[in-house]
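To keep things clear, I will list the structure first and then write my remarks on it.
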Amino acid sequence: MTIKPLILLPDPVLRQRSKPVERVDDALRGFADDMLETMYDAPGIGLAAIQVGEPLRMLVIDVSKEEEEKKPQVFINPRIVKNSDERSVYEEGCLSIPDYYAEVERPSSITVEYLDRDGSEQTLQADGLAATCLQHEIDHLDGVLFIDHISKLKRDMVIKKFTKLAKQRAAVRL
Ligand code: NI
């Protein structure tokens with residue numbers, strides 16, 4: 001397994017729309033394992049393929065609690081087929097926007113259809129943290145970031161800050 005470098009804001013790659021996975025094979029499962037290793041290493045609770053530069057509709061999550069056993073889950077070509085009217089607010093962060101957190105309101109529970117790591121069709125009803133995490137990651141597949149759900153003023157400030165940081169990183173590499 002390999003830890004992959006994370007793509008950071010404001011890299012335009014993050015704004016790409018990812019393409020459906022056409023075949024679930026060993027190469028894809030290996031890539032899913034790399035994604036999980038990258039997520040655990042960060043550490044984070046969710047990661048979309050585009051965050052390591054692969055524009056594929058695929059994500060991994062693990063929303064188990066610290067004291068619980070690890071529960072890695074792979075979602076391939078996930079689609080939200082039902083949203084609850086009830087909404088809840090979580091403080092979200094993103095591995096592509098390190099050390100920035102903001103409250104985001106989203107539907108409290110969702111139903112997702114997807115393929116698992118064996119390529120079998122699955123339906124999952126998720127609520128709580130899992131629902132928020134899945135919505136955040138599925139947004140990534142359409143080039144949407146959690147900062148798109150906060151005020152424009154806050155969003156512009158974050159983008160400005162990360163643009164400056166990216167310039168500093170580029171300068172250091174000269
Ligand atoms: Ni994210």
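The values are calculated or read from the model by the stated rules, or taken from the named source; none is laboratory data. Worth saying up front: this structure is predicted, and the values here are computed from it rather than measured. Note: ideal-geometry Cβ built from the backbone for every residue, glycine included; neighbour counts use all protein chains shown.
Could you run through the stretch 94-144 and say how many residues are in a loop (DSSP other than H, G, I, E, B) and more than 16 Å from the ligand (Cβ to nearest atom)?
The qualifying residues number 6.
Identify the single condition in (1) among the basic types (Lys, Arg); (2) at pLDDT 95 or above; (3) away from the ligand (no atom under 16 Å from the Cβ) that ARG155 does not satisfy, given that it satisfies every other one.
ARG155 satisfies every listed condition except (3).
Restrict the check to the stretch 22-34 and report whether at least one residue is at pLDDT 95 or above, among the small types (Gly, Ala, Ser) and part of a loop (DSSP other than H, G, I, E, B).
no
Enumerate the pairs (first residue in the stretch 44-56 and of a type in the set (S, T, N, Q); second residue anywhere and near the ligand (Cβ under 8 Å from one of its atoms) and modelled with pLDDT of 95 or more) with beta-carbon separation below 7 Å, excluding pairs fewer than 6 apart on the same chain, so at least 6 apart or on different chains.
So the pair list comes out as GLN51/LEU95; GLN51/SER96; GLN51/HIS140.
Residue-wise test of (1) surrounded by fewer than 20 Cβ atoms within 10 Å (Cβ to Cβ); (2) free of Cβ contacts under 8 Å to residues at least 60 places away in the same chain.
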| position | (1), (2) |
| --- | --- |
| GLU103 | yes, yes |
| PRO107 | yes, yes |
| THR111 | yes, yes |
| GLU121 | yes, yes |
| ALA131 | no, yes |
| GLU137 | no, no |
| GLY143 | yes, no |
| LYS167 | yes, yes |
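Being surrounded by fewer than 18 Cβ atoms within 10 Å (Cβ to Cβ) and in contact with a Phe, Trp or Tyr (Cβ under 9 Å, 6 or more places away or on another chain) is the filter; apply it to the stretch 81-97 and report the residue that is farthest from ARG29 (Cα to Cα).
Checking each candidate, the answer is GLU91.
Could you tell me which numbered condition ASP148 fails, if it satisfies all but one of (1) away from the ligand (no atom under 16 Å from the Cβ); (2) closer than 30 Å to GLU22 by Cα; (3) exposed (fewer than 14 other Cβ atoms within 10 Å of the Cβ)?
The single condition ASP148 does not satisfy is (1).
Go through the stretch 34-60 and give me each residue that's within 12 Å of the ligand (Cβ to nearest atom) and surrounded by fewer than 17 Cβ atoms within 10 Å (Cβ to Cβ).
ALA42
Can you find even one residue in the stretch 76-87 that is modelled with pLDDT of 95 or more, touching a Pro at 6+ places or on another chain (Cβ under 9 Å) and among the hydroxyl-bearing types (Ser, Thr, Tyr)?
Yes; the residues of the stretch 76-87 include at least one that is modelled with pLDDT of 95 or more, touching a Pro at 6+ places or on another chain (Cβ under 9 Å) and among the hydroxyl-bearing types (Ser, Thr, Tyr).
Looking at the stretch 4-30, which of its residues are crowded, with 16+ Cβ neighbours inside 10 Å, over 15 Å from the mean Cα position of the chain (by Cα) and either under 21 Å from GLN73 (Cβ atoms) or within 12 Å of the ligand (Cβ to nearest atom) (or both)?
VAL21, VAL24, LEU28
For the subset of the stretch 1-21 comprising residues that are modelled with pLDDT of 95 or more and hydrophobic (A, V, I, L, M, F, W, C), which member is farthest from ARG117 (Cα to Cα)?
LEU9
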